[in-house]
1. Relative to the present Cα-Cα distance, how much length would full extension add between residue 23 and residue 5 at 0.36 nm per residue of separation?
2. As a footprinting exposure proxy, order 21, 3 by other Cβ within 10 Å, with the fewest listed first.
3. What is the helix-to-structure angle for 20-37, meaning the angle in degrees between its Cα long axis and the longest Cα principal axis of the chain, kept from 0 to 90 and rounded to the nearest 10?
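No value in this document is a laboratory result; all are computed from the given coordinates. Since we're looking at a predicted model, the values are computed, not measured. Methodologically, a virtual Cβ is constructed for each residue, glycine included, from the backbone with ideal geometry; neighbour enumeration extends over all protein chains shown.
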């Protein structure tokens, strides 16, 4: 959840409302964005 808060600037209250499936989907998006920002390292 920390990666979602970091990448998307979401407060804990927003993250608490997400289901496990939603967390997994957003986690994948966060990883993709972090890789793009870091040159796919």
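1. 5.4 nm
2. Numbers: 21 8, 3 13.
In order of increasing Cβ crowding within 10 Å: 21, 3.
3. 30 degrees
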